[in-house]
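The values are calculated or read from the model by the stated rules, or taken from the named source; none is laboratory data. Just so it is clear, the structure is predicted and the values come from calculations on it, not from any experiment. Cβ: placed from backbone, ideal geometry, glycine included. Neighbour counts: every protein chain shown. Heads up: the accessible areas ignore ligands, DNA and RNA and are worked out on the full protein's heavy atoms, side chains in. Shrake-Rupley method; radii C 1.70, N 1.55, O 1.52, S 1.80 Å.
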Amino acid sequence: MFGLIGHSTSFQDAKRKALGLGYDHIAEGDLDVWCSAPPQLVEHVKVVSAIGKTIEGAYIDSCFVPEMLSRFKTARRKVLNAMELAQKKGINITALGGFTSIIFENFNLLQNKQVRNTTLDWKKFTTGNTHTAWVICRQLEQNAPLVGLNLEKAKVAVVGATGDIGSAVCRWLSNRTRVAELILVARQQQPLKDLQSELGGGEILSLGDALPKSDAVIWVASMPKTLDIDISLLKNPCLMIDGGYPKNLGEKFSGSGVHVLKGGIVEFFKDIGWNMMELAEMENPKREMFACFAEAMLLEFEDCHTNFSWGRNNISLEKMDFIGESSIRHGFSAVGLKSNLQTVAV
Ligand code: NDP
C-alpha cells in the first residue's frame, strides 16, 4: 500500500473539509483546537496503472495548516504524528507532501525517530523529490518549443539551484537536455560554487541579474510573497516553471506576457476515484496531483519499497531515469501548456 501525507492549503479550507467529512467538533474549533487535533486517515483508494498493475493507497491529512508554520513544536508534532499513523497502518511507502517535507527537512526531524512507542522506519517514507525534479525537466523540454524556444540556444536559470530539487534539475540540464547556458541562482555563495564545480559549468548570478537574461526560469525555491520583480525587464517569450510550494508565481506575472506553468504536477491517464486532490487546487483533481505524491504510487507499482528520495543532494541521473521511465509506463504525464499555461501577448 502507498500513502500520501498532505494538508489543507489554509485554515479555512481545512475547516470546510472537516465539515464535509463529518468532523464537526474539530471544524468548529479555533486554531488552538486544530493544533492539538491528531492526523486522520481520510481516504482509501485503488489505482490501476496503464499496464494493468493494481495498487491500494491511503491519504492521511496531517491536520497541519500553513497558519501553523510559525509554531515550531506544533508543526514538528503534526508531521511526526502523521508519519507514525502511516507506519502503524502498515503502509509500505508514504510521500510527504506540501509543507510536510519542508518541515521534515528544515526542522531536521531525522533526529526524532521515536514517536511515543513507534520507532519510525525512514525506509517507508520518501520526499518524492526525484520524480518532481524529473517532471520539471520534462515540462521544460515539452513546453519550451510551444512558446517558440529552442533549448539548445536558450539561457535557463534555476532559482533554488543548490536545493535538493534544484541541483537535480541542474544535473539533468547539464547532462541530458543540454541547454545553451545554465544560470545558477540561490542566496548562499559557497554551495553555488560547489555546485558549479560539480557540474563543470553554469553561471552564478543574483536573481536580479539572472531574470533579464533568461529565456526560461525554473523556480524551485519557496519565494517570499513580498518578492518584487520588474516584469518589464523579462524576455519575451519567457517560460517560467513554478516548481515551488505554494505556487504563487502566476499572480506575480499575471498580464505580463510571460508564460507561467505550474511545475511538478502530473496527470494520470484516467480518473482516480479519490477526493483528496479537491483541496490541493488541482485543475482536474481526479487526475492531477503533485509529482511527489505520484512518486509513492510509482514506488508501489514497482514494488520498490525504499526511501527513494531522502536527504539532500542525493538525486542521481540514474534515479531520475528510473522514476521517469516508470512514470511514463504507468500512465502519468507532466502537466503542460493546455491546462496550466497562462499566455498573455504584450
Ligand atoms: P531545498 O530547501 O533543498 O532548496 C531550496 C533552494 O532554494 C536552495 O537552493 C536555497 O538556497 C534556495 N532559496 C531559498 N530561498 C531563496 C531566495 N529567496 N532566493 C533565491 N534562492 C532561494 O528545497 P527543495 O529542493 O526540497 O524544494 C524546493 C521547492 O520545491 C520548495 O518550495 C518545495 O516546497 C517545492 N516542492 C514542490 C513539489 C511539487 O510541486 N510537486 C514537490 C516537492 C517540493 P539558499 O538558501 O542559498 O538561497
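Pairs needed: first member in segment 134-150, more than 16 Å from I323 (Cβ to Cβ); second member anywhere, among the charged types (D, E, K, R) and modelled with pLDDT of 95 or more; C-beta distance under 6 Å; at least 6 residues apart or different chains.
L149/D215
Being part of a loop (DSSP other than H, G, I, E, B) and under 22 Å from E300 (Cα atoms) is the filter here; which residues of segment 83-109 pass it?
K89, G90, I91, N92, G97, G98
May I ask you to list the residues in segment 240-284 that are away from the ligand (no atom under 16 Å from the Cβ) and part of a strand (DSSP E or B)?
H259, the sole residue that qualifies.
Among the residues of segment 228-239, is there at least one that is open to solvent by 10 Å² or more (accessible area, probe 1.4 Å), within 15 Å of the ligand (Cβ to nearest atom) and within 25 Å of L41 (Cβ to Cβ)?
No, that holds for no residue.
Have a look at E28, E56, E67 and point out the one that is open to solvent by 60 Å² or more (accessible area, probe 1.4 Å) and in contact with a Lys or Arg (Cβ under 6 Å, 6 or more places away or on another chain). First the steps, then the outcome.
Values: E28 fails: in contact with a Lys or Arg (Cβ under 6 Å, 6 or more places away or on another chain); E67 fails: in contact with a Lys or Arg (Cβ under 6 Å, 6 or more places away or on another chain).
Every option except E56 fails the conditions.
Name every residue in segment 214-223 that is open to solvent by less than 70 Å² (accessible area, probe 1.4 Å) and either at pLDDT below 95 or not polar (S, T, N, Q) (or both), in order of residue number. First the steps, then the outcome.
Initial filter on segment 214-223 (open to solvent by less than 70 Å² (accessible area, probe 1.4 Å)): 214-221, 223.
Hits for segment 214-223 are D215, A216, V217, I218, W219, V220, A221, M223.
Give T162, T126 a once-over and let me know the one that is within 16 Å of the ligand (Cβ to nearest atom), polar (S, T, N, Q) and in contact with a Pro (Cβ under 6 Å, 6 or more places away or on another chain).
Going through T162, T126 in turn, the sole match is T162.
Quick one: how many residues across segment 260-277 are in contact (Cβ under 8 Å) with a residue 24 or more places away in the chain and open to solvent by 20 Å² or more (accessible area, probe 1.4 Å)?
Residues meeting the conditions: 6.
Does segment 153-178 hold any residues that are buried (at least 23 other Cβ atoms within 10 Å of the Cβ), hydrophobic (A, V, I, L, M, F, W, C) and not in a helix (DSSP H, G or I), and which are they?
V156, A157, V158, V159, A161
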